[in-house]
Amino acid sequence: MMHFFYKIKRVGKLGMRSLVEHKLRSLLTALGIIFGVGSVIAMLAIGEGASYAAREQIRSMGSTNIIIRSRKPEESTNASNNTQFMSIYGLTYDDAMRIRTLFPSIVVDVPAREIVTQVRYLSTQLPVKVVGTIPWHLKNSTSKLLSGRFIDAYDMSKSSNSVVLSKATARKLFPLDYPIGRSVYIDGYAYVVVGIVSDCSDGGDKQKESSGKSVAEREVFEAFISITAARNRFGEIITRRETGSTSFEKVEIHQLTVTAPGDESVKPLAEAIRKCLQETHKQVDFEMIIPLELLTQAENTKRIFNIVLGSIAALSLLVGGIGIMNIMLASVTERTREIGTRRALGATRPDIILQFLVESVLLSVIGGFIGVGLGVAVPKIVTMVVGLVTIIQPYSIFMAFCISVATGVIFGIYPAMRAAALSPIEALRHE
């Protein structure tokens, strides 16, 4: 055993000396391994970060929640121009009461009404989606309170003119002023700004700017008032004026959130509620969003995503392995006389195989270490520059390094066997 380790140590020194003597060639050969290992780690980290952000956004909706939204039927959207018509669709207060009566073990909350109208501050006007909601709306939303307060029980009971703006809305209406305490006009009524919340899809300004669309195109302007104020100020009928036509819509509730007792009861409950609504609605004017199903789909997508990214990055390691084989075959050719001398002095074929195999493994190990450093650095740079979330998993580092070592062994076997197969006499004659 000691003799074997001594032989490995001696052959390792010979292999390292050979690599050092040809520094540039060794570096260029190892580049395939370096970029392969680095790309495996970096791509998996970026993919894991994107998947994590998506899963967290879905989890913020609540794994036991079922979100039911009003949806305008397709036939209602095909009205001709220059007409006036009334569209009555969506969820009703009777639906909410019926669901609570039929399923007493669940919680029905967060009713919401949405009205798109103009919000004005001084001379600035902005088309904003005004959401009439309740005080605990943020519990089941991706938005977070940034400053001030949200709608409270007093606003609900008194239908007070308090409004909470999204960050994008506040930035657009108040580019230079502090919005809390200021008054804005919504549909002719003055409302006092009492709070600021983050945007629903707020992923950071850098993330928005890095996409193909401009920040302005991606921002959604929202304002939140109490649902009682929305009902009293806007009524049940919403007027929409477009070029050459005027339409009226009556929607009592735009959104309901149903909370199930546990994860296992979400899907059966969602199916039961869907059947209940289908019995009372003549047309499909609602849609159901089940975060638990979305989360399951996101997990499956993540696995597929990782396999695809890992496969693409593994191609770089394959190219690196081919580079190692190529350079080792060239090394066998130029060192034929050295191989003949070693065989004449008593070296066996296993000794020759070990010598060249150790050199190829050393190349892959050195490239692997450098590649690991590169793979760890790239995601951190992406996070700092672009603002994307990246997560480096320990298994990806271990897997990438092991594959690089295996690449050195696999692609080094054939050149080593080729070297060992040389006849000592023919090798000594080689010029």
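The values are calculated or read from the model by the stated rules, or taken from the named source; none is laboratory data. Note that the coordinates shown come from a computational prediction; the quantities given were computed from them, not determined experimentally. Neighbour counts are summed over all protein chains in view; Cβ atoms, including those assigned to glycine, are modelled from backbone coordinates with ideal geometry. The area values use the complete protein model at the heavy-atom level, side chains included, leaving out ligands, DNA and RNA. Shrake-Rupley method; radii C 1.70, N 1.55, O 1.52, S 1.80 Å.
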TODO: Could you please put ASP351, ASP95 in sequence from largest to smallest accessible area, using a 1.4 Å probe?
DONE: ASP351, ASP95
Task: Probe 1.4 Å - accessible area at THR133, Å² to nearest ten - done: 0
Open item on the list: As a test of reading the structure, rank GLU299, GLU264 by solvent-accessible area (1.4 Å probe, protein chains only), most first.
Closed with: GLU264, GLU299
TODO: Quote the accessible area belonging to TYR395 in square angstrom, nearest 10, computed with a 1.4 Å probe and with ligands, DNA and RNA left uncounted.
DONE: 110
Open item on the list: Rg/Rh for the stretch 335-393 to two decimals, with Rh computed the Kirkwood way over all alpha-carbon pairs.
Closed with: 1.41
Task: Solvent-accessible heavy-atom area per residue, rounded to whole Å², over the stretch 242-377 at 1.4 Å - done: 49
TODO: Would you work out the relative contact order for the stretch 119-178, in percent, from Cα pairs under 8 angstrom that are 6 or more residues apart?
DONE: 33
Open item on the list: If amide hydrogens are placed 1.01 Å from N in the peptide plane, which non-local residues have theirs closer than 5 Å to the one on LYS250?
Closed with: SER87, ILE88, TYR89, ILE238
Open item on the list: Suppose each label sits 7 Å from its Cα in the direction of the beta carbon; what would the SER311-ASP263 distance come out to in nanometres?
Closed with: 2.9
Task: Sequence of SER311, SER364 from largest to smallest accessible area, 1.4 Å probe - done: SER311, SER364
- [ ] Take the alpha carbon atoms of the stretch 273-315, find their radius of gyration, then divide it by 2.2 N^0.38 Å using N residues; give the quotient.
- [x] 1.99
Task: Among 223-230, 369-376, 380-387, the order from most to least packed when residues are scored by Cβ within 10 Å on average - done: 223-230, 369-376, 380-387
